[in-house]
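The values are calculated or read from the model by the stated rules, or taken from the named source; none is laboratory data. What you are looking at is a predicted structure, and each value in this text was computed from that prediction instead of being measured. All Cβ positions, glycine included, derive from the backbone under ideal geometry; neighbour counts span all protein chains shown.
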């Protein structure tokens, strides 16, 4: 008996029960010889009405089966189909539980109903919202919507469904900007407030876990002042309702839906209603009169005409007559068959290829309940079974609201979700979708744009994890994935590229022969060697002349030889360091310079002794003749050789990759090995240079004819100035410039020696031969 206005969708559910029972009663395989009866109640989606019906059925106050030719008074309640709403099903299940009365729902999806401690006799043919929430979360994640709004019905269905979705969304890294709830009976002001939140939000995607009877009120409110484009993601509670597709601003909505199905003969059963059949049912009468706006009974009302019997349901376009897609109706159909199979398994036996059922067997609820847990069958190609929680295997279609060429929104299946598949393969899209505003590109709904490789995410203070700033990776670190939470340092010998999204080997730097600085230094080095050799050749050619003989030609040639080595040893500092080159460059430099300074020192001593020897009674010259000069030079040089040998034996120089001077490149250089050995070599050279400089200073006031003392003084002054300057420059110069500084010091001091000591004589020999006479050299100053 109807106690409220007709809902044509629910009427179809009721008609599906009738159709299924008629099929079963006409079957020769399922419950042969046993007829099932039924009684349909309308709860009007009201919890009090649903509870009232549940108490009636539990107490047996009203006859469950209509007494007639086909039903006997022995008929008893075996099970209940329903309810469509989760809240009503929860109330009814709590009542039926203690009596072991099985309740099989076709549309109650709340995950809470899987709790067998609270709802032990509850079963359903529709998947739990636990799986629907997971499917919706994967759907949202699949399209990259990490910043969403959430709206749900203020009911058990909406609250529990949204709670499950939020857990699944959190696992997928999805953030929620707002969560709003309402119910159809709430004041309009509350629904307006929810609509305003949706209009003002920054989230483009809106997840709606709402019953169809509730969301209609929200859409009507939004339709008054349409919001900016919003991408709706719907639950199965409303996304397949054709009445809601009239709201054009929701075109492009996407959601999960119960799979379409085919129930042979059901379309004709729905549409082929005869006037006599309609008149026999108060529910069908009300539906018929409301659908055709006419009256089946005689009436004097001016509002309604009399039905003339020509009315045809096939001409109407209402949810009841939409027989193109059976979704929830199939859930009803399977629920009826599930109870029928449970009864069949309890009272029927297979013998000799025939089925025998005990018609007089007294069944109780507990037997049907026990058998219902074990049912497993296939009807019309659809498998039906229940797990330990009374739930079926979860399968959904992914549907999309697409506008047809005529401008009408149609429901199009674009993908599937199957919870029985391996993890990661449950969700798939196999058709193109259209989006809000009929766009073909997926709308973007994020709090912050993705961080490109080379940056990392830094959360914005006080906001969800989806709201962040993209900060470039620090020096020496990279990120090679999108939305990286951190940057990783490159290995020691690697360095990031300019985008900081990949590590590349650091360039190896050393003073190569093909760079400008090396070419310049090498040119000066070779030029200095050539100049020295040229000077030696000219001196050798004029070796008999007074100016060459007067300046100790033997030490002069030895000095020129050592200067040639000094110029050339600078070349060993250019090129990639190796074990041999590192040892050679430092020892060759140390030994050749000591040989050079020893010669200069010998020449200085000779000058002083020669001047002293001109004084009456002084024969000191015999104590420092050529043998003593050679011995002095060799002894001083040998001592440097010993220092170098000890250095090479104890801790020689070796090639090393310098990773600290520059972070972005590797300096290939020679490590000193023993710093004491290096500074001992330099210190010994410096000691000889200072000693030579002191002696030269003492001899600087000798007569002008012996001006070599002045030249030695200038050369030693230059030499000492260069190497004193070298020390801080060497220490502070980075990378390959350390080597360049050392080469420059070698060349500068070598050029200072050759230019100061030999260039004046060189000019006299070539351009002033009149001065290259013994008389000129022996001439004394008048002062």
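Summary table
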item: All positions within the range 447-478 that are closer than 18 Å to residue 664 by Cβ and either in the same structural domain as residue 665 (by TED's automatic domain parsing) or in a loop (DSSP other than H, G, I, E, B) (or both); result: 454, 473, 474, 475, 476
item: The listed residue being closer than 30 Å to residue 734 by Cβ, at pLDDT 80 or above and surrounded by fewer than 14 Cβ atoms within 10 Å (Cβ to Cβ), out of 650, 656, 681; result: 650
item: Residue in the range 166-194 that is surrounded by the most Cβ atoms within 10 Å (Cβ to Cβ), counting only those that are part of a loop (DSSP other than H, G, I, E, B) and touching a residue at least 60 places away in the same chain (Cβ under 8 Å); result: 174
item: Residue check, residue 476 on the phi > 0 side of the Ramachandran plot, surrounded by 13 or more Cβ atoms within 10 Å (Cβ to Cβ), in contact (Cβ under 8 Å) with a residue 40 or more places away in the chain and touching a strand residue (DSSP E or B) at 6+ places or on another chain (Cβ under 7 Å); result: yes
item: Count of the range 139-165 residues which are under 19 Å from the mean Cα position of the chain (by Cα), surrounded by 22 or more Cβ atoms within 10 Å (Cβ to Cβ) and part of a helix (DSSP H, G or I); result: 1
item: Residues that are more than 17 Å from residue 319 (Cα to Cα) and either touching a residue at least 40 places away in the same chain (Cβ under 8 Å) or surrounded by fewer than 24 Cβ atoms within 10 Å (Cβ to Cβ) (or both), drawn from the range 233-258; result: 233, 235, 248, 249, 250, 251, 252, 253, 254, 255, 256
item: Conditions (1) surrounded by 24 or more Cβ atoms within 10 Å (Cβ to Cβ); (2) within 23 Å of residue 325 (Cβ to Cβ): number failed by residue 271; result: (1)
item: Residue check for residue 340: in contact with a strand residue (DSSP E or B) (Cβ under 6 Å, 6 or more places away or on another chain) and within 18 Å of residue 17 (Cα to Cα); result: no
item: Checking residue 216 against (1) touching a helix residue (DSSP H, G or I) at 6+ places or on another chain (Cβ under 7 Å); (2) part of a helix (DSSP H, G or I); (3) touching a residue at least 40 places away in the same chain (Cβ under 8 Å), the condition it does not meet; result: (3)
item: Scope the range 212-228; condition surrounded by 14 or more Cβ atoms within 10 Å (Cβ to Cβ) and modelled with pLDDT of 90 or more; matching residues; result: 214, 215, 216, 217, 218, 219, 221, 222, 223
item: Test: residue 491 is in contact with a strand residue (DSSP E or B) (Cβ under 6 Å, 6 or more places away or on another chain), modelled with pLDDT under 95 and either assigned by TED's automatic domain parsing to the domain that holds residue 459 or more than 30 Å from residue 742 (Cβ to Cβ) (or both); result: no
item: Hits in the range 362-381 - residues which are over 29 Å from residue 414 (Cβ atoms) and not in a loop (DSSP other than H, G, I, E, B); result: 365, 366, 367, 368, 369, 370, 371, 372, 376, 377
item: Qualifying residue in the range 43-58 (condition: within 20 Å of residue 103 (Cβ to Cβ), touching a strand residue (DSSP E or B) at 6+ places or on another chain (Cβ under 9 Å), part of a loop (DSSP other than H, G, I, E, B) and modelled with pLDDT of 85 or more); result: no
item: Complete set of residues in the range 411-428 that are touching a helix residue (DSSP H, G or I) at 6+ places or on another chain (Cβ under 8 Å) and at pLDDT 90 or above; result: 411, 417
item: Residue match in the range 264-273 (condition: farther than 25 Å from residue 126 by Cβ and in contact (Cβ under 8 Å) with a residue 60 or more places away in the chain); result: no
item: One residue from 133, 150 being at pLDDT 95 or above and within 30 Å of residue 424 (Cβ to Cβ); result: 150
item: Residue match in the range 519-541 (condition: assigned by TED's automatic domain parsing to the domain that holds residue 659, assigned to a loop (DSSP other than H, G, I, E, B) and either touching a helix residue (DSSP H, G or I) at 6+ places or on another chain (Cβ under 6 Å) or surrounded by fewer than 21 Cβ atoms within 10 Å (Cβ to Cβ) (or both)); result: no
item: Answer from 359, 374 - the residue that is modelled with pLDDT of 85 or more and surrounded by fewer than 18 Cβ atoms within 10 Å (Cβ to Cβ); result: 374
item: Single residue of the range 708-724 satisfying the filter (under 60 Å from the mean Cα position of the chain (by Cα) and surrounded by 19 or more Cβ atoms within 10 Å (Cβ to Cβ)) that is modelled with the highest pLDDT; result: 722
item: Close pairs from the range 310-330: first more than 26 Å from residue 107 (Cα to Cα), partner assigned to a loop (DSSP other than H, G, I, E, B), Cβ under 8 Å, at least 6 apart; result: none
